[in-house]
Amino acid sequence: MDWLTDWKIPLGSWVRDGVGFLTEHAAGVFDLISDVLGFLIEGLIDILVWLPPLVVVAAVAGLAWWLHRGWKLPLAVVLSLLLVINLGYWKETMETLALVVFATGVSMVVGIPLGIAAAHRPWLYSVLRPILDLMQTIPTFVYLIPTLILFGLGVVPGLISTVIFAIPAPVRLTYLGISSVPTALKEAGEAFGCSSRELLWKVELPHAMPTIMAGLTQCIMLSLSMVVIAALVGADGLGEPVVRALNTVNIGMGFEAGLAIVILAILLDRIVKQPERRAGRKAR
């Protein structure tokens, strides 16, 4: 097999040279992006940490009650967050929450329009599909290296890596929701004189909303799964004590920090999913 290995395609060299070119000629752009994103996410962290913990607990419980219209979920929110406070991981939980909110927000803002465009243009989805497959299957540490080189140590490379990992979910599920709208429903909208924009807002998006919301919950879960990996490049949050516990073989610290991550994941999942289930019950 020497004839095959002797003519190795220099993919690694091409990628290294490309990253080096960007570092040399576009360093100012990446520094600006890093400064802006760092300022925004650190500002949100400062606000969440500055607020009294019980005020944040009451606000989250009130949001859960407003969406759920019941007492079980707000009670679970209060008890779970009080447990996090008791364990001493409130600050880290707020840092993780800020990272998840930013990563999910960016992923949805970019992913939903891409999914809509791909549903209306099959050729675009044919182009996006292998890219999305690559983003979901490539080991996260691989694209963590160039983001670390381009944006430096801190929360920004962790945020960008999280977005890269999470954004395929809203793209795919938005595409699925829009493309699964029944033809008869679209024809009915056109018969009533809907323009393309009105058809999108009044027919396609309402029909696809449950699937888009599923993309939102998946995006949240995928963002939380990146917490520990983001901590390896300097992002604060619950991933930091997990990494510290791993380095020191501290089972207690690792379990407590992991439990806080699980609590945050469950609460966000329940709060976001509940309006969809209520709508489904009312329809039945």
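The values are calculated or read from the model by the stated rules, or taken from the named source; none is laboratory data. Small disclaimer: the values here were computed from a predicted structure and weren't measured. Note: ideal-geometry Cβ built from the backbone for every residue, glycine included; neighbour counts use all protein chains shown. The area values use the complete protein model at the heavy-atom level, side chains included, leaving out ligands, DNA and RNA. Shrake-Rupley method; radii C 1.70, N 1.55, O 1.52, S 1.80 Å.
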Of the conditions (1) open to solvent by less than 50 Å² (accessible area, probe 1.4 Å); (2) part of a helix (DSSP H, G or I), the single one that residue 54 does not satisfy is (1)
Exclusive hit being touching a helix residue (DSSP H, G or I) at 6+ places or on another chain (Cβ under 8 Å) and open to solvent by less than 30 Å² (accessible area, probe 1.4 Å), set 231, 214 | 231
Single match in 7, 65 (criterion: in contact with a Pro (Cβ under 7 Å, 6 or more places away or on another chain), open to solvent by 60 Å² or more (accessible area, probe 1.4 Å), more than 30 Å from residue 148 (Cβ to Cβ) and not aliphatic (A, V, I, L, M)) | 65
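Residues checked against (1) over 22 Å from residue 123 (Cβ atoms); (2) among the charged types (D, E, K, R); (3) open to solvent by 60 Å² or more (accessible area, probe 1.4 Å); (4) in a helix (DSSP H, G or I):
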residue	(1), (2), (3), (4)
147	yes, no, no, yes
150	yes, no, no, yes
163	yes, no, no, yes
173	no, no, no, yes
176	no, no, yes, yes
194	yes, no, no, no
197	no, yes, yes, yes
Taking helices (runs of 4 or more DSSP H) that do not extend beyond the stretch 69-141, which have at least 2 residues that are among the charged types (D, E, K, R) and surrounded by 13 or more Cβ atoms within 10 Å (Cβ to Cβ)?
-> 90-120
Search result, residues across the stretch 31-51 that are part of a helix (DSSP H, G or I), open to solvent by less than 60 Å² (accessible area, probe 1.4 Å) and without any contact (Cβ under 8 Å) to a residue 40 or more places away in the chain | 43
Between residues in the stretch 241-260 that are within 21 Å of residue 82 (Cβ to Cβ) and residues that are polar (S, T, N, Q) and assigned to a helix (DSSP H, G or I), which pairs lie under 7 Å by C-beta distance while being six or more apart or on different chains?
-> 260/93
